[in-house]
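The values are calculated or read from the model by the stated rules, or taken from the named source; none is laboratory data. These numbers were taken from a predicted model, which means no experiment stands behind them. For neighbour counting, all protein chains shown are included, and Cβ atoms are generated from backbone atoms with ideal geometry for every residue, glycine included. For accessibility, only protein heavy atoms count, side chains too; no ligands or nucleic acids. Shrake-Rupley method; radii C 1.70, N 1.55, O 1.52, S 1.80 Å.
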Amino acid sequence: MGTPESEERSVAEKQFTQYGNKRLEKFSRSIELQRRASQEIPESTSSNYRGSGSYAPYPMVFMESGSGAELTDVDGNNYIDFHAGVSAIINGHSPSRQIEAVKQQIDNGPYFATSYEKEHEAAHLLNEMVPSSDLAKFISTGTEAIMSAIRLARAYTGKEKVLKFEGMYHGHTDYALVNVHPGAEDLGTRRNPTKIPETTGIPQETMETVESAPWNDIDLLEEKLEREGDDIAAVMTEAVMSNSGLLWPENGYLDELRRLTNEHDVLFILDEVVTGFRMGLQGAQGYFDIDPDLTVFGKAMANGYPCAALCGREEVMRFLESGSDKSTFMGTFSGNPLVVAAAHANLELLHEVGEQGYKKLYDRGERLTAGLKEILADAGHDVFVPKFAGFFAVHFLDGGGDPAAWREYRDIGPNTDPDAYSRFAAAMMGEGIFLPPKTGRINLMHAHTDEHIDEALEAAKVAADHV
Ligand SMILES: Cc1ncc(COP(=O)(O)O)c(C=O)c1O
(Lines give C-alpha, C1' and ligand atoms only; values in the text may rest on other atoms or scores of the structure.)
Protein backbone atom coordinates (compact mmCIF):
# COMPACT_ATOMS: atom_id res chain seq x y z
CA MET A 1 0.00 0.00 0.00
CA GLY A 2 1.29 3.49 -0.84
CA THR A 3 1.71 6.19 1.79
CA PRO A 4 -0.86 9.04 1.76
CA GLU A 5 1.94 11.20 0.38
CA SER A 6 2.64 8.91 -2.55
CA GLU A 7 -1.09 8.47 -3.18
CA GLU A 8 -1.54 12.25 -3.36
CA ARG A 9 1.42 12.48 -5.68
CA SER A 10 0.13 9.83 -8.00
CA VAL A 11 -3.30 11.52 -8.16
CA ALA A 12 -1.60 14.79 -9.10
CA GLU A 13 0.53 13.08 -11.73
CA LYS A 14 -2.44 11.27 -13.21
CA GLN A 15 -4.33 14.53 -13.45
CA PHE A 16 -1.35 16.29 -14.93
CA THR A 17 -1.21 13.93 -17.86
CA GLN A 18 -4.57 15.38 -18.84
CA TYR A 19 -2.80 18.61 -19.71
CA GLY A 20 -2.57 17.21 -23.19
CA ASN A 21 1.19 16.99 -23.12
CA LYS A 22 3.43 14.03 -22.53
CA ARG A 23 6.13 15.93 -20.67
CA LEU A 24 5.11 15.33 -17.12
CA GLU A 25 8.63 15.59 -15.78
CA LYS A 26 8.78 19.19 -17.00
CA PHE A 27 6.35 20.13 -14.24
CA SER A 28 7.70 18.02 -11.39
CA ARG A 29 8.47 20.92 -9.06
CA SER A 30 5.00 22.45 -9.53
CA ILE A 31 3.45 19.08 -8.71
CA GLU A 32 5.56 18.79 -5.59
CA LEU A 33 4.81 22.39 -4.51
CA GLN A 34 1.09 21.89 -4.94
CA ARG A 35 1.27 18.80 -2.73
CA ARG A 36 3.13 20.74 -0.05
CA ALA A 37 1.03 23.91 -0.32
CA SER A 38 -2.18 21.91 0.11
CA GLN A 39 -0.95 20.90 3.57
CA GLU A 40 -0.52 24.53 4.64
CA ILE A 41 -3.12 26.55 2.70
CA PRO A 42 -6.73 25.64 1.86
CA GLU A 43 -6.92 25.38 -1.96
CA SER A 44 -3.11 25.69 -1.98
CA THR A 45 -3.16 29.48 -2.40
CA SER A 46 -4.76 32.54 -0.81
CA SER A 47 -7.47 33.44 -3.34
CA ASN A 48 -9.72 30.51 -4.18
CA TYR A 49 -10.07 31.94 -7.68
CA ARG A 50 -6.49 31.00 -8.46
CA GLY A 51 -6.61 27.89 -6.26
CA SER A 52 -6.59 24.20 -6.94
CA GLY A 53 -10.40 24.19 -7.33
CA SER A 54 -10.14 26.46 -10.34
CA TYR A 55 -7.61 24.21 -12.05
CA ALA A 56 -9.06 20.83 -11.07
CA PRO A 57 -8.88 18.21 -12.47
CA TYR A 58 -5.58 19.70 -13.63
CA PRO A 59 -2.88 20.64 -11.15
CA MET A 60 -1.63 24.17 -10.70
CA VAL A 61 1.55 25.57 -12.22
CA PHE A 62 3.66 27.64 -9.81
CA MET A 63 5.00 30.74 -11.54
CA GLU A 64 8.27 32.25 -10.37
CA SER A 65 9.00 35.35 -12.41
CA GLY A 66 7.63 37.55 -15.16
CA SER A 67 9.11 40.00 -17.61
CA GLY A 68 7.14 41.84 -20.26
CA ALA A 69 4.48 39.45 -21.55
CA GLU A 70 6.33 36.32 -20.49
CA LEU A 71 6.35 34.17 -17.36
CA THR A 72 8.67 31.46 -16.10
CA ASP A 73 7.53 28.70 -13.73
CA VAL A 74 9.45 26.96 -10.94
CA ASP A 75 10.52 24.20 -13.35
CA GLY A 76 12.00 26.74 -15.75
CA ASN A 77 9.19 26.46 -18.34
CA ASN A 78 8.34 29.67 -20.20
CA TYR A 79 4.88 30.94 -21.05
CA ILE A 80 3.32 33.80 -22.95
CA ASP A 81 0.92 35.30 -20.47
CA PHE A 82 -2.66 36.06 -21.51
CA HIS A 83 -4.06 35.64 -17.99
CA ALA A 84 -2.24 38.92 -17.21
CA GLY A 85 -2.61 38.75 -13.44
CA VAL A 86 -6.38 38.22 -13.75
CA SER A 87 -6.44 41.38 -15.91
CA ALA A 88 -4.22 43.35 -13.52
CA ILE A 89 -1.22 43.59 -15.87
CA ILE A 90 -1.55 46.03 -18.77
CA ASN A 91 2.00 47.30 -19.29
CA GLY A 92 3.70 43.92 -19.01
CA HIS A 93 5.35 42.41 -15.97
CA SER A 94 7.79 44.64 -14.15
CA PRO A 95 8.36 47.57 -16.51
CA SER A 96 11.59 49.27 -15.43
CA ARG A 97 9.96 52.67 -14.79
CA GLN A 98 7.60 51.10 -12.31
CA ILE A 99 10.32 49.07 -10.61
CA GLU A 100 12.40 52.24 -10.19
CA ALA A 101 9.46 54.16 -8.71
CA VAL A 102 8.71 51.42 -6.17
CA LYS A 103 12.40 50.97 -5.30
CA GLN A 104 12.74 54.68 -4.70
CA GLN A 105 9.81 54.54 -2.30
CA ILE A 106 11.27 51.48 -0.55
CA ASP A 107 14.47 53.45 -0.01
CA ASN A 108 12.49 56.40 1.34
CA GLY A 109 10.39 54.16 3.56
CA PRO A 110 7.12 52.31 2.99
CA TYR A 111 4.72 54.14 5.30
CA PHE A 112 4.63 57.25 7.48
CA ALA A 113 1.00 57.66 8.56
CA THR A 114 0.85 61.06 6.83
CA SER A 115 -0.14 62.29 3.42
CA TYR A 116 2.72 62.61 0.94
CA GLU A 117 3.28 64.35 -2.35
CA LYS A 118 2.98 61.32 -4.65
CA GLU A 119 -0.52 60.60 -3.38
CA HIS A 120 -1.71 63.98 -4.58
CA GLU A 121 0.19 63.61 -7.88
CA ALA A 122 -1.34 60.19 -8.56
CA ALA A 123 -4.86 61.48 -7.79
CA HIS A 124 -4.23 64.47 -10.07
CA LEU A 125 -3.18 62.18 -12.92
CA LEU A 126 -6.22 59.94 -12.42
CA ASN A 127 -8.61 62.91 -12.27
CA GLU A 128 -7.07 64.34 -15.42
CA MET A 129 -7.33 61.09 -17.33
CA VAL A 130 -10.90 60.16 -16.33
CA PRO A 131 -13.49 62.82 -17.18
CA SER A 132 -16.09 61.71 -14.61
CA SER A 133 -13.55 61.91 -11.79
CA ASP A 134 -13.30 65.21 -9.91
CA LEU A 135 -11.88 63.71 -6.74
CA ALA A 136 -10.31 60.36 -5.94
CA LYS A 137 -9.28 58.28 -2.94
CA PHE A 138 -6.97 55.28 -2.98
CA ILE A 139 -7.51 51.96 -1.25
CA SER A 140 -5.91 48.51 -1.61
CA THR A 141 -8.41 46.39 -3.52
CA GLY A 142 -11.37 46.63 -5.85
CA THR A 143 -13.44 44.85 -3.21
CA GLU A 144 -12.80 47.56 -0.63
CA ALA A 145 -13.39 50.34 -3.13
CA ILE A 146 -16.79 48.86 -4.07
CA MET A 147 -17.65 48.40 -0.39
CA SER A 148 -16.82 52.07 0.22
CA ALA A 149 -18.78 53.19 -2.85
CA ILE A 150 -21.87 51.38 -1.57
CA ARG A 151 -21.59 52.94 1.88
CA LEU A 152 -21.00 56.38 0.36
CA ALA A 153 -24.06 56.01 -1.87
CA ARG A 154 -26.17 55.12 1.16
CA ALA A 155 -24.85 58.07 3.14
CA TYR A 156 -25.33 60.51 0.26
CA THR A 157 -28.85 59.45 -0.71
CA GLY A 158 -30.13 58.44 2.72
CA LYS A 159 -31.43 55.22 1.14
CA GLU A 160 -30.42 51.65 2.00
CA LYS A 161 -30.61 49.29 -0.94
CA VAL A 162 -28.21 48.67 -3.80
CA LEU A 163 -29.22 47.16 -7.12
CA LYS A 164 -26.77 44.86 -8.84
CA PHE A 165 -27.15 42.64 -11.91
CA GLU A 166 -27.18 38.86 -12.25
CA GLY A 167 -23.79 37.46 -13.25
CA MET A 168 -21.82 40.52 -12.15
CA TYR A 169 -18.94 40.10 -9.71
CA HIS A 170 -18.03 43.20 -7.71
CA GLY A 171 -15.55 41.75 -5.21
CA HIS A 172 -15.99 39.57 -2.18
CA THR A 173 -17.93 41.59 0.39
CA ASP A 174 -21.25 40.20 1.59
CA TYR A 175 -23.07 42.99 -0.27
CA ALA A 176 -21.58 42.03 -3.60
CA LEU A 177 -21.82 38.24 -3.39
CA VAL A 178 -25.46 37.99 -4.41
CA ASN A 179 -26.54 36.42 -7.72
CA VAL A 180 -22.99 36.30 -9.00
CA HIS A 181 -22.77 32.84 -10.55
CA PRO A 182 -25.91 30.93 -9.51
CA GLY A 183 -27.40 28.15 -11.61
CA ALA A 184 -29.57 29.97 -14.18
CA GLU A 185 -32.37 27.52 -13.35
CA ASP A 186 -32.36 28.65 -9.68
CA LEU A 187 -32.88 32.32 -10.44
CA GLY A 188 -36.66 32.34 -10.56
CA THR A 189 -38.55 34.81 -12.71
CA ARG A 190 -36.78 37.65 -14.50
CA ARG A 191 -39.19 40.17 -13.04
CA ASN A 192 -38.74 38.94 -9.50
CA PRO A 193 -35.45 37.02 -9.25
CA THR A 194 -34.56 34.81 -6.32
CA LYS A 195 -31.58 36.17 -4.39
CA ILE A 196 -28.89 33.54 -4.16
CA PRO A 197 -25.77 34.04 -2.04
CA GLU A 198 -22.50 33.08 -3.76
CA THR A 199 -21.28 31.47 -0.54
CA THR A 200 -22.56 30.38 2.82
CA GLY A 201 -21.95 32.80 5.68
CA ILE A 202 -23.83 35.82 4.32
CA PRO A 203 -26.51 37.07 6.75
CA GLN A 204 -30.08 37.21 5.50
CA GLU A 205 -30.32 40.86 6.70
CA THR A 206 -27.48 41.75 4.35
CA MET A 207 -29.12 39.98 1.42
CA GLU A 208 -32.22 42.05 2.05
CA THR A 209 -30.32 45.25 1.35
CA VAL A 210 -29.30 44.03 -2.11
CA GLU A 211 -31.64 43.95 -5.10
CA SER A 212 -30.87 42.03 -8.24
CA ALA A 213 -32.10 42.19 -11.83
CA PRO A 214 -31.18 40.69 -15.20
CA TRP A 215 -28.78 42.94 -17.11
CA ASN A 216 -29.42 44.62 -20.46
CA ASP A 217 -33.18 44.98 -20.00
CA ILE A 218 -34.04 48.65 -19.66
CA ASP A 219 -37.78 48.06 -19.30
CA LEU A 220 -37.25 45.81 -16.30
CA LEU A 221 -34.87 48.34 -14.77
CA GLU A 222 -37.39 51.11 -15.31
CA GLU A 223 -40.13 49.07 -13.65
CA LYS A 224 -37.88 48.25 -10.74
CA LEU A 225 -36.87 51.87 -10.18
CA GLU A 226 -40.49 53.05 -10.50
CA ARG A 227 -41.47 50.51 -7.86
CA GLU A 228 -38.50 50.62 -5.50
CA GLY A 229 -36.45 53.67 -6.47
CA ASP A 230 -37.30 55.41 -3.18
CA ASP A 231 -35.35 52.68 -1.34
CA ILE A 232 -32.47 52.26 -3.79
CA ALA A 233 -29.28 54.26 -3.15
CA ALA A 234 -27.32 53.06 -6.16
CA VAL A 235 -27.34 50.95 -9.28
CA MET A 236 -23.99 49.23 -9.62
CA THR A 237 -22.79 47.74 -12.90
CA GLU A 238 -19.86 47.04 -15.13
CA ALA A 239 -20.10 48.49 -18.64
CA VAL A 240 -19.33 45.07 -20.12
CA MET A 241 -20.25 41.95 -18.15
CA SER A 242 -16.65 40.85 -17.79
CA ASN A 243 -16.97 38.06 -15.23
CA SER A 244 -19.73 36.07 -16.88
CA GLY A 245 -18.86 35.47 -20.45
CA LEU A 246 -18.13 38.98 -21.63
CA LEU A 247 -21.53 40.24 -22.68
CA TRP A 248 -21.85 43.66 -24.30
CA PRO A 249 -24.45 46.28 -23.42
CA GLU A 250 -27.33 46.72 -25.83
CA ASN A 251 -27.11 49.91 -27.83
CA GLY A 252 -28.17 52.77 -25.59
CA TYR A 253 -28.56 50.59 -22.46
CA LEU A 254 -25.95 52.43 -20.41
CA ASP A 255 -27.29 55.83 -21.49
CA GLU A 256 -30.77 54.80 -20.44
CA LEU A 257 -29.41 53.48 -17.16
CA ARG A 258 -27.86 56.91 -16.60
CA ARG A 259 -31.13 58.67 -17.44
CA LEU A 260 -33.21 56.46 -15.15
CA THR A 261 -30.83 56.70 -12.20
CA ASN A 262 -30.85 60.50 -12.52
CA GLU A 263 -34.63 60.49 -12.70
CA HIS A 264 -34.95 58.45 -9.49
CA ASP A 265 -32.15 60.13 -7.47
CA VAL A 266 -30.19 56.92 -7.52
CA LEU A 267 -26.40 56.98 -7.88
CA PHE A 268 -24.75 55.23 -10.83
CA ILE A 269 -21.70 53.28 -9.60
CA LEU A 270 -19.57 52.07 -12.50
CA ASP A 271 -17.26 49.18 -11.66
CA GLU A 272 -14.19 49.65 -13.84
CA VAL A 273 -11.95 47.28 -11.87
CA VAL A 274 -11.55 45.21 -15.03
CA THR A 275 -12.34 47.66 -17.83
CA GLY A 276 -10.38 50.63 -16.42
CA PHE A 277 -7.19 51.32 -18.40
CA ARG A 278 -7.77 48.09 -20.32
CA MET A 279 -10.53 49.10 -22.72
CA GLY A 280 -8.69 52.35 -23.28
CA LEU A 281 -7.11 55.34 -21.57
CA GLN A 282 -10.50 56.42 -20.21
CA GLY A 283 -11.73 52.92 -19.55
CA ALA A 284 -15.22 51.78 -20.48
CA GLN A 285 -16.68 55.20 -19.70
CA GLY A 286 -14.57 56.71 -22.46
CA TYR A 287 -15.37 53.84 -24.81
CA PHE A 288 -19.14 54.16 -24.32
CA ASP A 289 -19.18 57.86 -23.45
CA ILE A 290 -21.00 57.51 -20.14
CA ASP A 291 -20.88 59.71 -17.08
CA PRO A 292 -21.29 57.74 -13.82
CA ASP A 293 -21.50 59.39 -10.39
CA LEU A 294 -18.89 57.11 -8.88
CA THR A 295 -16.29 54.87 -10.47
CA VAL A 296 -14.11 52.17 -9.01
CA PHE A 297 -10.74 51.36 -10.57
CA GLY A 298 -8.32 48.61 -9.58
CA LYS A 299 -6.31 45.92 -11.34
CA ALA A 300 -4.67 47.56 -14.40
CA MET A 301 -4.54 50.97 -12.72
CA ALA A 302 -1.43 49.87 -10.80
CA ASN A 303 -0.25 47.12 -13.17
CA GLY A 304 -0.14 44.30 -10.62
CA TYR A 305 0.24 46.20 -7.35
CA PRO A 306 -2.60 46.20 -4.79
CA CYS A 307 -3.96 49.68 -5.36
CA ALA A 308 -7.54 50.62 -6.24
CA ALA A 309 -9.40 53.92 -6.38
CA LEU A 310 -12.86 55.26 -5.69
CA CYS A 311 -13.44 58.44 -7.65
CA GLY A 312 -16.27 60.56 -8.98
CA ARG A 313 -18.38 63.64 -8.87
CA GLU A 314 -17.22 66.29 -6.41
CA GLU A 315 -20.50 66.75 -4.57
CA VAL A 316 -20.69 63.03 -3.80
CA MET A 317 -16.99 62.51 -3.09
CA ARG A 318 -16.97 65.43 -0.60
CA PHE A 319 -19.21 63.22 1.52
CA LEU A 320 -16.03 61.34 2.36
CA GLU A 321 -14.80 64.31 4.39
CA SER A 322 -15.20 64.22 8.16
CA GLY A 323 -18.56 65.18 9.57
CA SER A 324 -21.36 63.55 11.50
CA ASP A 325 -23.66 63.27 8.47
CA LYS A 326 -20.88 61.98 6.19
CA SER A 327 -19.48 58.58 5.22
CA THR A 328 -16.09 57.39 6.35
CA PHE A 329 -13.15 56.02 4.38
CA MET A 330 -10.27 54.45 6.27
CA GLY A 331 -7.54 51.81 6.16
CA THR A 332 -4.00 51.71 7.50
CA PHE A 333 -2.80 50.69 4.06
CA SER A 334 -5.28 52.64 1.92
CA GLY A 335 -3.19 54.72 -0.45
CA ASN A 336 0.01 53.12 0.81
CA PRO A 337 3.06 54.94 -0.65
CA LEU A 338 4.55 51.80 -2.23
CA VAL A 339 1.49 50.92 -4.28
CA VAL A 340 0.58 54.52 -5.06
CA ALA A 341 4.12 54.97 -6.44
CA ALA A 342 3.43 51.90 -8.60
CA ALA A 343 0.07 53.29 -9.76
CA HIS A 344 1.54 56.70 -10.49
CA ALA A 345 4.37 55.25 -12.60
CA ASN A 346 1.90 53.03 -14.42
CA LEU A 347 -0.50 55.89 -15.20
CA GLU A 348 2.42 57.91 -16.54
CA LEU A 349 3.43 54.97 -18.71
CA LEU A 350 -0.13 54.60 -20.02
CA HIS A 351 -0.25 58.29 -20.78
CA GLU A 352 2.81 57.79 -22.98
CA VAL A 353 1.40 54.64 -24.59
CA GLY A 354 -1.51 56.87 -25.58
CA GLU A 355 -4.37 56.18 -27.98
CA GLN A 356 -1.91 54.87 -30.57
CA GLY A 357 -0.70 52.16 -28.18
CA TYR A 358 -4.27 51.07 -27.43
CA LYS A 359 -4.98 50.92 -31.14
CA LYS A 360 -2.09 48.48 -31.58
CA LEU A 361 -3.34 46.42 -28.65
CA TYR A 362 -6.79 46.27 -30.24
CA ASP A 363 -5.31 45.26 -33.61
CA ARG A 364 -3.42 42.38 -31.98
CA GLY A 365 -6.55 41.35 -30.10
CA GLU A 366 -8.56 41.29 -33.31
CA ARG A 367 -5.92 39.14 -35.01
CA LEU A 368 -5.75 36.72 -32.09
CA THR A 369 -9.51 36.31 -31.81
CA ALA A 370 -9.96 35.88 -35.56
CA GLY A 371 -7.15 33.29 -35.67
CA LEU A 372 -8.48 31.33 -32.70
CA LYS A 373 -11.99 31.22 -34.14
CA GLU A 374 -10.67 29.84 -37.39
CA ILE A 375 -8.37 27.26 -35.77
CA LEU A 376 -11.04 25.99 -33.39
CA ALA A 377 -13.65 25.85 -36.14
CA ASP A 378 -11.23 23.91 -38.39
CA ALA A 379 -10.79 21.41 -35.56
CA GLY A 380 -14.56 20.92 -35.44
CA HIS A 381 -15.38 23.05 -32.40
CA ASP A 382 -18.40 25.30 -32.33
CA VAL A 383 -17.18 28.40 -30.49
CA PHE A 384 -18.32 31.90 -29.75
CA VAL A 385 -15.72 34.59 -29.17
CA PRO A 386 -17.35 37.84 -28.02
CA LYS A 387 -16.04 41.10 -29.40
CA PHE A 388 -12.58 42.10 -28.22
CA ALA A 389 -12.49 44.83 -25.55
CA GLY A 390 -8.87 44.69 -24.37
CA PHE A 391 -9.87 41.14 -23.38
CA PHE A 392 -12.06 38.41 -24.82
CA ALA A 393 -13.48 35.00 -23.93
CA VAL A 394 -13.79 31.71 -25.77
CA HIS A 395 -17.08 29.87 -25.28
CA PHE A 396 -17.42 26.29 -26.47
CA LEU A 397 -21.06 26.06 -27.49
CA ASP A 398 -23.37 23.36 -26.28
CA GLY A 399 -27.12 23.79 -26.24
CA GLY A 400 -28.09 25.02 -29.64
CA GLY A 401 -28.83 28.67 -28.76
CA ASP A 402 -27.61 31.43 -31.05
CA PRO A 403 -24.91 33.37 -29.15
CA ALA A 404 -25.66 36.49 -31.18
CA ALA A 405 -28.90 36.60 -29.17
CA TRP A 406 -27.22 36.37 -25.75
CA ARG A 407 -28.06 39.42 -23.65
CA GLU A 408 -27.77 38.39 -20.02
CA TYR A 409 -26.29 35.92 -17.59
CA ARG A 410 -29.18 33.47 -17.95
CA ASP A 411 -28.35 32.97 -21.63
CA ILE A 412 -24.85 31.61 -21.10
CA GLY A 413 -24.88 28.58 -18.76
CA PRO A 414 -27.42 26.47 -20.66
CA ASN A 415 -25.63 27.09 -23.99
CA THR A 416 -21.97 26.49 -23.18
CA ASP A 417 -19.63 23.71 -22.16
CA PRO A 418 -17.20 25.19 -19.62
CA ASP A 419 -15.31 21.89 -19.25
CA ALA A 420 -14.37 22.00 -22.93
CA TYR A 421 -12.84 25.45 -22.39
CA SER A 422 -10.90 24.16 -19.34
CA ARG A 423 -9.47 21.33 -21.42
CA PHE A 424 -8.43 23.85 -24.06
CA ALA A 425 -6.79 26.13 -21.46
CA ALA A 426 -4.95 23.17 -19.92
CA ALA A 427 -3.70 22.05 -23.31
CA MET A 428 -2.57 25.63 -24.08
CA MET A 429 -0.68 25.64 -20.77
CA GLY A 430 1.07 22.47 -21.94
CA GLU A 431 2.05 24.40 -25.07
CA GLY A 432 3.43 27.39 -23.16
CA ILE A 433 0.44 29.72 -23.33
CA PHE A 434 -1.06 30.82 -20.01
CA LEU A 435 -4.84 31.40 -20.18
CA PRO A 436 -7.43 31.64 -17.39
CA PRO A 437 -8.16 28.05 -16.31
CA LYS A 438 -11.93 28.58 -16.49
CA THR A 439 -13.88 30.47 -19.15
CA GLY A 440 -13.02 34.06 -18.49
CA ARG A 441 -11.09 37.03 -19.70
CA ILE A 442 -8.16 36.37 -22.03
CA ASN A 443 -6.19 39.62 -21.90
CA LEU A 444 -3.90 41.54 -24.19
CA MET A 445 -1.27 43.85 -22.75
CA HIS A 446 0.91 46.52 -24.33
CA ALA A 447 3.91 44.21 -23.89
CA HIS A 448 2.53 41.61 -26.32
CA THR A 449 4.15 41.62 -29.75
CA ASP A 450 2.99 40.27 -33.10
CA GLU A 451 5.32 37.30 -32.51
CA HIS A 452 3.50 36.47 -29.26
CA ILE A 453 0.23 36.36 -31.18
CA ASP A 454 1.80 34.09 -33.84
CA GLU A 455 3.07 31.74 -31.12
CA ALA A 456 -0.30 31.63 -29.39
CA LEU A 457 -2.00 30.71 -32.66
CA GLU A 458 0.54 27.97 -33.36
CA ALA A 459 -0.08 26.57 -29.85
CA ALA A 460 -3.84 26.68 -30.43
CA LYS A 461 -3.45 24.43 -33.48
CA VAL A 462 -2.04 21.74 -31.15
CA ALA A 463 -4.38 22.44 -28.22
CA ALA A 464 -7.49 22.35 -30.42
CA ASP A 465 -6.98 18.60 -30.77
CA HIS A 466 -7.00 18.07 -26.98
CA VAL A 467 -10.35 19.68 -26.17
C1 LIG B 1 -15.52 43.61 -11.98
C2 LIG B 1 -14.78 43.41 -10.69
N3 LIG B 1 -15.06 44.21 -9.66
C4 LIG B 1 -14.42 44.10 -8.48
C5 LIG B 1 -13.45 43.14 -8.29
C6 LIG B 1 -12.75 43.01 -6.98
O7 LIG B 1 -11.44 43.48 -7.07
P8 LIG B 1 -10.32 42.88 -6.11
O9 LIG B 1 -10.08 41.47 -6.52
O10 LIG B 1 -9.14 43.79 -6.34
O11 LIG B 1 -10.83 42.98 -4.72
C12 LIG B 1 -13.13 42.27 -9.35
C13 LIG B 1 -12.10 41.24 -9.20
O14 LIG B 1 -11.87 40.41 -10.04
C15 LIG B 1 -13.81 42.41 -10.57
O16 LIG B 1 -13.58 41.58 -11.61
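Key figures for this structure:
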| item | result |
| --- | --- |
| Matching residues in the stretch 245-258 - criterion: being open to solvent by 10 Å² or more (accessible area, probe 1.4 Å) and part of a loop (DSSP other than H, G, I, E, B) | GLY245, TRP248, PRO249, GLU250, ASN251, GLY252 |
| Matching residues in the stretch 38-53 - criterion: being more than 14 Å from the ligand (Cβ to nearest atom), part of a helix (DSSP H, G or I) and open to solvent by less than 100 Å² (accessible area, probe 1.4 Å) | SER38, GLU43, SER44, SER52, GLY53 |
| Condition check for VAL316: open to solvent by less than 40 Å² (accessible area, probe 1.4 Å), within 12 Å of the ligand (Cβ to nearest atom) and hydrophobic (A, V, I, L, M, F, W, C) | no |
| Number of positions in the stretch 76-100 that are small (Gly, Ala, Ser) and surrounded by fewer than 21 Cβ atoms within 10 Å (Cβ to Cβ) | 4 |
| Leading residue by the ranking (farthest from GLU348 (Cα to Cα)) among those in the stretch 75-129 that are touching a helix residue (DSSP H, G or I) at 6+ places or on another chain (Cβ under 7 Å) and among the hydroxyl-bearing types (Ser, Thr, Tyr) | TYR111 |
| Residue within the stretch 210-225 that is within 15 Å of the ligand (Cβ to nearest atom) and touching a residue at least 60 places away in the same chain (Cβ under 8 Å) present | yes |
| Residue list for the stretch 377-410, filter: within 16 Å of ALA239 (Cβ to Cβ), at pLDDT 95 or above and either open to solvent by 10 Å² or more (accessible area, probe 1.4 Å) or part of a strand (DSSP E or B) (or both) | PHE391, PHE392, ARG407, GLU408, TYR409 |
| Test for THR200: is it polar (S, T, N, Q) and in contact (Cβ under 8 Å) with a residue 12 or more places away in the chain | no |
| ALA300 vs. criteria in contact with a Gly (Cβ under 7 Å, 6 or more places away or on another chain), open to solvent by less than 80 Å² (accessible area, probe 1.4 Å) and either in a helix (DSSP H, G or I) or at pLDDT below 95 (or both) | yes |
